[in-house]
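Novice: Quick one: this structure, given as structure tokens, is what I'll be asking you about.
The values are calculated or read from the model by the stated rules, or taken from the named source; none is laboratory data. All figures in this text were calculated on a predicted structure; none of them were measured in a lab. Cβ placement follows ideal geometry from the backbone for every residue including glycine, while neighbour counts extend to all protein chains displayed.
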Amino acid sequence: MANWTNRHRGDYVRMIKRHRALWAYITQFIKDHDITSVIEVGCGMVPEVRGLVETYVGVDLNEQTDAIHEDFTLMDVSPLTGYDLFLACAVIEHCQDAAVFFKQIKAMNPKHAIVTFFGATDREEELKTTQGGGFLFHGYTRAGIKQTLESLGMAYELFRLKNDDVLIIKGE
Ligand SMILES: C[S@@+](CC[C@H](N)C(=O)[O-])C[C@H]1O[C@@H](n2cnc3c(N)ncnc32)[C@H](O)[C@@H]1O
């Protein structure tokens, strides 16, 4: 545990700061768009959005949460359609194939989707995420993400918020 703390201290500090900015943004987004139902993938241990909406469903591989414990990229999402907001913060970089991740969102057709990437740089060609060990799929670039969304015909907006890239995907 001591080693983990030393190695990941920087990431942890950035995560706390990131959450302040992201939390404020997502809270405002929920108010501005009259969102009453949220499906959150990779919700982690303490889903912050849960208390803000009438209907909340979490999905996470981690069995210590009270979420649906499935790999989002492999699960049948057909029962998870019709939500106002799909949310996934700092999750896509843990998945092997971004296209599959976005196809799942498309199949669910939420009114809005917010997907964020942790620790991105300003450089278009580099999506620099957490530097910790054990994460295999941290190689997505902004350009690659844009290309994938365009090839899937998904309308989006991408901007930087503190340490995150925030991707807003509009439903059909
Ligand atoms: C970096 S944490 C982010 C947690 C939280 N969203 C946040 O912003 O603090 C990534 C989370 O995604 C989950 N996760 C990773 N790959 C997943 C997958 N394929 N399906 C579902 N959950 C996944 C992990 O278990 C973990 O809880």
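Novice: Kindly indicate whether any position in segment 50-58 is under 28 Å from G144 (Cα atoms) and either modelled with pLDDT under 85 or touching a Ser or Thr at 6+ places or on another chain (Cβ under 9 Å) (or both).
Specialist: The answer is yes; a qualifying residue exists.
Novice: Still on this structure: Confirm whether P79 is of a type outside the set (D, E, K, R) and under 25 Å from G144 (Cα atoms).
Specialist: Against the criterion (of a type outside the set (D, E, K, R) and under 25 Å from G144 (Cα atoms)), P79 does not qualify.
Novice: Mind checking which residues of segment 39-61 are outside any loop (DSSP other than H, G, I, E, B), away from the ligand (no atom under 12 Å from the Cβ) and hydrophobic (A, V, I, L, M, F, W, C)?
Specialist: L52, V57
Novice: Counting just the residues of segment 92-103 that are modelled with pLDDT of 90 or more and away from the ligand (no atom under 11 Å from the Cβ), which one comes out nearest to the chain's Cα centre (by Cα)?
Specialist: Looking at the filtered set, the residue picked out is F102.
Novice: Then there is this: Starting from segment 53-79, take each residue that is closer than 25 Å to Q28 by Cβ and list its partners that are aromatic (F, W, Y) and near the ligand (Cβ under 8 Å from one of its atoms), counting only C-beta distances under 7 angstrom and pairs at least six apart or across chains.
Specialist: So the pair list comes out as V59/F72.
Novice: What's the number of the condition T148 fails, among (1) polar (S, T, N, Q); (2) at pLDDT below 90; (3) in a helix (DSSP H, G or I)?
Specialist: Every condition holds for T148 apart from (2).
Novice: Anything in segment 75-91 that is near the ligand (Cβ under 9 Å from one of its atoms) and either in contact with a strand residue (DSSP E or B) (Cβ under 6 Å, 6 or more places away or on another chain) or farther than 25 Å from D165 by Cβ (or both)? List them, or say none.
Specialist: Hits for segment 75-91 are L87, A88, C89, A90, V91.
Novice: Another question about this same structure. Considering only residues that are at pLDDT 85 or above and surrounded by fewer than 16 Cβ atoms within 10 Å (Cβ to Cβ), which ones fall in segment 104-142?
Specialist: A107, N109
Novice: Does Q64 qualify as being near the ligand (Cβ under 10 Å from one of its atoms), surrounded by fewer than 14 Cβ atoms within 10 Å (Cβ to Cβ) and closer than 22 Å to Q147 by Cα?
Specialist: Criteria not met by Q64.
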